[in-house]
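Some notes on the structure that comes next.
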Amino acid sequence: MAVPRPKLTSDAPAETTREPAPLAREEIHETVARILEPLPRGRLLDVPAGEGALSARLARMGFQVQACDLYPEIFRVREIAIRRGDLSGALPYKDAEFQYVICLEGLEHIENPHQAIREFARVLAPGGHLIISVPNILNIEERVKWLLTGYTSHFKPISQEHLRVRHEQWGEKEEVALHINPIAYTELRYMLEKYGFELLGAYRDKPKPKLWLYWPLSALIRLLSRLTPRQKRGERWTDELASDPVLLGGNTLVLHSVKR
């Protein structure tokens with residue numbers, strides 16, 4: 001199946017002097033590819049697209065990819081259209097324009113993830129698929145870190161000194177490196193269901209190598225989960241919170257949902 005080659009439409013030319021580097025972990029891209037592989041090909045939006053590593057990979061898989069990013073000038077794939085767009089605002093696309101939306105490493109960088117989910121629902125056709133990744137702040141290692149330090153690995157205190165260092169590194173693009181909005185499985189699932197999505201699956205990028213250190217605590221959490229009354233377990237997603245992707249997950253949690 002031939003993939004259409006739309007003209008580049010950005011506020012700045014794409015740089016193509018080297019291959020695009022993935023801004024997300026390679027394991028996350030692998031997880032997305034596994035989810036999408038058995039699904040029909042169609043129009044797909046990659047936002048935020050970064051340098052375009054995932055966009056290029058999905059185009060090679062046969063999807064009709066369009067890319068969107070707050071900084072389209074960093075996009076490096078000439079064969080794929082890129083538009084400037086802000087996840088905190090309205091995306092520059094028509095209603096029901098896509099069959100797929102992929103949002104990796106995006107929601108934790110913005111003030112209002114509800115707006116982003118609303119926009120994803122708007123630009124997706126009924127039955128369209130949404131794949132989102134966020135840092136997993138509910139795996140057992142991060143729960144222990146939060147208990148001992150008051151913060152998790154991906155969401156450390158953002159002091160003025162921290163901001164100064166990030167600004168020196170990134171300039172006006174400092175939000176690319178700032179994780180300002182910790183979103184747990186529970187909050188993300190609530191938002192998805194609120195805006196008309198049905199969760200199909202939760203995935204981890206890869207297991208953490210030292211999880212065996214936490215097996216006694218993980219076993220206790222799962223025992224307490226099973227002792228919780230069935231109705232309360234359903235109301236509070238107790239089983240999901242004790243599942244492998246969440247409790248024993250890696251650095252990143254990937255959720256796959258469909259627009260009802």
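Tabulated data
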quantity	calculated
Flag for Ile131 being touching a residue at least 60 places away in the same chain (Cβ under 8 Å), in contact with a His (Cβ under 6 Å, 6 or more places away or on another chain) and not hydroxyl-bearing (Ser, Thr, Tyr)	yes
Unique residue being among the β-branched types (Val, Ile, Thr) and either more than 25 Å from Ala53 (Cα to Cα) or assigned to a helix (DSSP H, G or I) (or both) when the list is Ile132, Ile158	Ile158
Selected residue (criterion: nearest to Glu141 (Cα to Cα)) from residues of segment 245-260 that are part of a helix (DSSP H, G or I) and of a type outside the set (Val, Ile, Thr)	Leu247
Some residue of segment 98-117 being more than 14 Å from the chain's Cα centre (by Cα), crowded, with 16+ Cβ neighbours inside 10 Å and either in a loop (DSSP other than H, G, I, E, B) or among the acidic types (Asp, Glu) (or both)	no
All positions within segment 204-233 that are surrounded by fewer than 20 Cβ atoms within 10 Å (Cβ to Cβ), touching a residue at least 24 places away in the same chain (Cβ under 8 Å) and closer than 23 Å to Arg34 by Cβ	Lys206, Pro207, Lys208, Leu211
Qualifying residue in segment 181-198 (condition: surrounded by fewer than 17 Cβ atoms within 10 Å (Cβ to Cβ) and of a type in the set (A, V, I, L, M))	no
Residues of segment 234-244 satisfying the condition of being in a helix (DSSP H, G or I) and either at pLDDT below 95 or surrounded by fewer than 16 Cβ atoms within 10 Å (Cβ to Cβ) (or both)	Gly234, Glu235, Asp239, Asp244
Per-region count, segment 191-226, residues part of a strand (DSSP E or B) and small (Gly, Ala, Ser)	2
Positions within segment 118-173 being touching an Asp or Glu at 6+ places or on another chain (Cβ under 9 Å), among the small types (Gly, Ala, Ser) and more than 18 Å from Arg25 (Cβ to Cβ), in sequence order	Ala125
Options Ala90, Ala67: the member that is part of a loop (DSSP other than H, G, I, E, B), modelled with pLDDT of 95 or more and among the aliphatic types (A, V, I, L, M)	Ala90
Candidate set: segment 28-64, residues that are among the acidic types (Asp, Glu) and surrounded by 16 or more Cβ atoms within 10 Å (Cβ to Cβ); chosen: the one modelled with the highest pLDDT	Asp46
Options Glu161, Glu142; residue that is among the acidic types (Asp, Glu) and either surrounded by 14 or more Cβ atoms within 10 Å (Cβ to Cβ) or under 15 Å from the mean Cα position of the chain (by Cα) (or both)	Glu142
Some residue of segment 207-223 being within 13 Å of Asn136 (Cα to Cα) and charged (D, E, K, R)	yes
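The values are calculated or read from the model by the stated rules, or taken from the named source; none is laboratory data. Because the structure is predicted, anything quoted here is derived from the model rather than measured. Cβ sites come from the backbone with ideal geometry, for glycine too, and all protein chains shown count toward neighbours.
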